[in-house]
1. Among the residues of segment 135-154, which ones are outside any loop (DSSP other than H, G, I, E, B) and under 22 Å from residue 283 (Cα atoms)?
2. Within segment 32-56, count every residue that is surrounded by 15 or more Cβ atoms within 10 Å (Cβ to Cβ) and more than 16 Å from residue 68 (Cα to Cα).
3. Take the residues of segment 163-183 that are surrounded by 18 or more Cβ atoms within 10 Å (Cβ to Cβ) and among the basic types (Lys, Arg): which is nearest to the chain's Cα centre (by Cα)?
4. From 174, 183, 199, which residue is within 21 Å of residue 125 (Cα to Cα) and among the polar types (S, T, N, Q)?
5. Would you pick out the residues in segment 57-71 that are open to solvent by 30 Å² or more (accessible area, probe 1.4 Å) and more than 14 Å from residue 15 (Cβ to Cβ)?
6. Please state which of the following conditions residue 164 fails to meet, knowing it meets all the rest: (1) part of a helix (DSSP H, G or I); (2) closer than 29 Å to residue 124 by Cα.
7. From 27, 93, which residue is touching a helix residue (DSSP H, G or I) at 6+ places or on another chain (Cβ under 8 Å), assigned to a loop (DSSP other than H, G, I, E, B) and modelled with pLDDT of 80 or more?
8. Kindly indicate the residue of segment 272-289 that is part of a helix (DSSP H, G or I) and not aliphatic (A, V, I, L, M) and also surrounded by the most Cβ atoms within 10 Å (Cβ to Cβ) among those meeting that condition.
Amino acid sequence: MTFEQMKIFLEAAHFGSFTHAAERLGLTQSAVSVSIKKLEEKHDVSLFDRSGRRLMLTEAGQVLLNEAERILRDVDLTIRRVESRRPAGQSSLVASTANAYDFWMPELLARADAAHAVEVDLVRGTADEVTAWVMRGTADVGVTSAMPSHPQFRQVGVFIDRLILCGRPERARQIPDDVNWAQLTDQAPILWEQSELTQTLVAGLAAHRVDASRLAHPRLRLSSTMAVISALQGGRYIGLVPERAVSPLLASGMLVRIGLVEIPLRYWMFALRERNIDPLAAQVARAASSGADSGPRLHPAEQM
């Protein structure tokens, strides 16, 4: 399987159409169709269900989609790293998990002291991808809410968010103002992001003797904070979400905080032990500390 075949497959999978994939790639529709057919014949699988008006992925197609996206992201990062030829200590390729990338790092890096700032190329990945990129040296530094435990890593706490219980005002009025941990199960199901945040959330609930499985929705699993927030805006559910992400909606009154239930959400910067991340970690921590007037209280690394 070539990289070109992977790219063609990904475009077809994303758009559900060989025609749209061809337009995106500057190919003919027949060239896309032939490329996919050769893949299917070579590996003796069907990647798409062609019975409807829109192409649908088969189980084998879904597996290839996940792996092809990961492989091509790795290749792209490697190419960027090779082409940049960064001198150590002058610039860094920083890989962040979704919430750190979407709600924290761009602002913190932009707020950093320009006179002492390290040039940063910021990329986004899952917790497993970020860890693997740092381990292989594809990325210089990782930022994630899951503290890495591998002995080859050195990690520094850089800022803290918190998971808080939120919902639409009309839904919140159905819940006691002083709802506590013991009463959470009475409000199930409660939504949250199914990602690296889950480990922190489950541990936080367990610390208060709350079984996360008794709170979770029996069928609905959402893989991003924005998806959870979107569901909360529908008014039916309440959810545990990072305060940083939901703060604009809290300020506008579209969502409200429910009770005082909260779980600390710490973010860590890490790298291989031979790399000195202290200057960059200090810049990010200072920027977080100086931004306490906009959003949740932020804490520099020294306070963790």
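The values are calculated or read from the model by the stated rules, or taken from the named source; none is laboratory data. Note that this is a predicted model, so its numbers are computed, not measured. When we count neighbours, we look across all protein chains shown, and the Cβ atoms used for this are built from the backbone with ideal geometry, even at glycine. Quick note on the areas: whole protein, heavy atoms, side chains included, nothing else; ligands and nucleic acids left out. Shrake-Rupley method; radii C 1.70, N 1.55, O 1.52, S 1.80 Å.
1. Of everything in segment 135-154, those that are outside any loop (DSSP other than H, G, I, E, B) and under 22 Å from residue 283 (Cα atoms) turn out to be 141, 142, 143, 144, 153, 154.
2. If we filter segment 32-56 for residues that are surrounded by 15 or more Cβ atoms within 10 Å (Cβ to Cβ), which is where we start, we get 32-33, 35-36, 39-40, 47-48, 55.
This time we only want the ones that are more than 16 Å from residue 68 (Cα to Cα), so: 32-33, 55.
Number of matching residues: 3.
3. My answer is 168.
4. That would be 199, the only listed residue that is within 21 Å of residue 125 (Cα to Cα) and among the polar types (S, T, N, Q).
5. 58, 59, 60, 62, 63, 66, 67, 69, 70, 71
6. Every listed condition holds for residue 164 apart from (1).
7. Details: 93 fails: assigned to a loop (DSSP other than H, G, I, E, B).
Among 27, 93, only 27 is touching a helix residue (DSSP H, G or I) at 6+ places or on another chain (Cβ under 8 Å), assigned to a loop (DSSP other than H, G, I, E, B) and modelled with pLDDT of 80 or more.
8. Within segment 272-289, the subset part of a helix (DSSP H, G or I) is 278-289.
Add one more test, that the residue is not aliphatic (A, V, I, L, M), and what stays is 278-279, 283, 286, 289.
Working: 278: 12, 279: 13, 283: 20, 286: 18, 289: 16.
Checked segment 272-289; the qualifying residue surrounded by the most Cβ atoms within 10 Å (Cβ to Cβ) is 283.
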